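Bear in mind that the values in this text are calculations on the coordinates, not laboratory data. Not measured: the values here are computed from a predicted model. Note that we place each Cβ from the backbone using ideal geometry, even for glycine, and neighbour counts take in every protein chain shown.
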Amino acid sequence: MTKFTDLNLNPKVLKAVSEAGYETPTPIQAGAIPPALEGRDVLGIAQTGTGKTASFTLPMITLLARGRARARMPRSLVLCPTRELAAQVAENFDTYTKHMKLTKALLIGGVSFKEQDTLIDKGVDVLIATPGRLLDHFERGKLILSDVKVMVVDEADRMLDMGFIPDIERIFGLTPFTRQTLFFSATMAPEIERITNTFLSNPERIEVARQSTTSDTITQKLVEFKPTRRDQTAKQKREMLRAIINGEGDGCTNAIIFCNRKVDVDIVAKSLSKHGYNAHPIHGDLDQSHRTRTLDGFRDGSIKFLVASDVAARGLDIPNVSHVINYDVPSHAEDYVHRIGRTGRAGRKGTTVMMAVPSDDKYLNAIEALIGQPVPRVEAPWQPVARSTSRAKPKAADAAPQQTKAAAPTTPEVKESREEKKPAPRSRGRKKTDNSRSHGGRGGAQIVGMGEHTPGFIAYSFAERRNLGKPVETTKEETAAEVAEPEGNEDAA
C-alpha cells in the first residue's frame, strides 16, 4: 500500500502531514500527487470526501518551497466557487505549511479590500480566491497574474452551475501560457470538458471512481409522503422534518439540512428553533462574518443543526457530520451527490434522508439516473392528517336534550310568574305623537306656515328691499311717516 513517504513530497510537508494524523493517501491523492510533482497538468475526478484538497495543496507546497514572491505578483492561484470552500483551502495550507515560510492571501467577498490589498502588496506565494473578488482586485490595478506558475480550479462543475465559466476563461487568459493547471471536481459536465481541452495541455486524467457515484459509507434513505392539501405542503414538510430528526434518535448527533431556496432556509431554521431545536441558517445573503461564526459554531458543536442552501454543499470539510437531510429534492441531480458528500467523510459512517412530495418525481428520477441506483425508500415516521376548516354540525344525540327541555310541562303558577317578569316590548323606532310630523319630528304643536312671528324684512316695501344695504339719507322719523301715509296722498299734495 502506498504511503505519503513514497510520494517524494518535501520532508517538512511530510512532517506536517504526519502531525495532522495522516499516513496513507487516498486513491485520488496517490494518483494525482506524482504527476503534479512532475509539473504535468492534472484532471482529477473523484466523489466528495475523498481528499481532493490535499491532492493539489501538498504538491503545490512542495513546488513552491524554493523561490520568493514579488509584490502584487502571486506565484500560484487557487480558484474556488464559494467563500466557505476558499476559507477551507486556506486552512489546509496553514496546516501543511506550518514548518515552511510560505505566505498566502485569501480574496473573498464580505471582507475589506484594504486588508486584502495590504497582503497582496507584500507578495504572496499562494493566492486563494473566488473569481468575482479576484477580478475586482485585478480591475483596480492591485493584482498582476503574469507570474502564476501553478493554477488550480477546485469544484470545476460548481463553477459552471454558478455562472463563473466566462470569468474562468478570462482569468486563464490573464495567466501565463506556461503555467501548470490542476482541475478537480466530483462531476464533469460537457462544458467543463471543453474548458479542459482548451486550457489543459495533455493532462493526466485520474478518475478513482465512476463519475457521480456516492460513497459506500453513506446510508441513503428516501421518505415519500403526500400532503393533504397543496396550501398545507410547507407546514406539513416542517412537521415531517421534526419527525425524521426525532426518529433518528441519539444517532443524530448533528445534521446539515439543505433547502433549495434561501427564503426556505430562514423559515425552516426559525421553525426548528421555535420547537426547541438548536438550529441556525447559512446562505449567500448573510455577511461573511456571520457565516464564519455559524460554521465555527457547527464545527465546535455549539450548533447542532445547520440549515443551509447549496452554498454549503460543495467542499465544506466538517469531519463529524452524522446526518444530511435534504428538506428539498435538489433541482440539479449533481447537487445531490455533493450534498450527501458532507457526511461519511474520511471513512466514517454517515446517514442521509431525503424528503419528497409527488411534485418532486421529475427531479428524483434524474438523481436516480445519475447515481445509477434507486434511493432506498423508508416508511415515513409521521403521516399528515387532514384538518377540516368548516364548523361541525351538532349530532342528533346532542340536540335531543334541548328538545326535551323545551317540551317540559309548566304549572299555571310558574307560567304566571314568567309573564310578570317578562319585560315590555321595546319599540324599534321613535314614538310618534299626533302632532308630530309624518316624517318623524321632535314632537310638539304642529306648525302651519310661519305662525304669529313675521320677519322684519317682509314689512319693507319693494323699493326698500331693493335698496337694502345702501346708505340711507332719510331719518328714521321720515321713514316711519312714509310707511304710515295712505296711498293717494301724493296726488292730493
*Euclidean distance of C-alpha centroids, the stretch 98-174 and the stretch 22-84, integer Å*: 15 Å
*If you take the square roots of the eigenvalues of the alpha-carbon gyration tensor of the stretch 20-123 and sort them as a ≥ b ≥ c, do you get rounded (a/c under 1.5), prolate (a/b over b/c) or oblate?*
prolate
*DSSP loop (so not H, G, I, E, B), at most 14 other Cβ within 10 Å: list which chymotrypsin sites (Phe, Trp or Tyr not before Pro) in the stretch 164-214 pass both filters.*
Phe177
*Amide H neighbours of Arg205 under 5 Å, counting only residues 5+ apart in sequence or on other chains, H built in-plane at 1.01 Å?*
Leu43
*Which net charge results for the neighbourhood of Val223, defined as the other residues with beta-carbon distances under 9 angstrom from its beta-carbon, given Lys and Arg at +1 and Asp and Glu at -1?*
0
*asked:* Quick check on the stretch 232-338: take the gyration tensor over C-alpha atoms, sort the square-rooted eigenvalues as a ≥ b ≥ c, and tell me if it's rounded (a/c under 1.5), prolate or oblate.
replied: rounded
*If R0 is 30 Å, what FRET efficiency do you get for Ser273 and Gln383 from their C-beta distance, rounded to 0.05?*
0.75
*Using the beta-carbon distance between Glu38 and Ala243 and R0 = 45 Å, what value does 1/(1 + (r/R0)^6) give for FRET efficiency, to the nearest 0.05?*
0.25
*Find out how many positive minus negative residues lie around Gly251, taking Lys and Arg as positive, Asp and Glu as negative, among other residues whose Cβ is under 14 Å from that of Gly251.*
+2
_Global form of the stretch 277-386, assessed from the alpha-carbon gyration tensor, a/c cut-off 1.5_ = prolate
*Looking at the stretch 209-249, which trypsin sites (Lys or Arg not before Pro) are DSSP coil and have at most 11 other C-beta atoms within 10 Å of their C-beta?*
Arg210
*Pop the C-beta distance of Glu19 and Val263 into the FRET formula with R0 = 41 Å and round what comes out to the nearest 0.05.*
0.40
*Run the numbers on the stretch 211-362 and let me know its relative contact order in percent, using alpha-carbon pairs under 8 Å that are six or more apart.*
35 percent
_Distance between modelled label sites at Thr118 and Gln288, nm, 7 Å Cα→Cβ extension_ = 1.4 nm
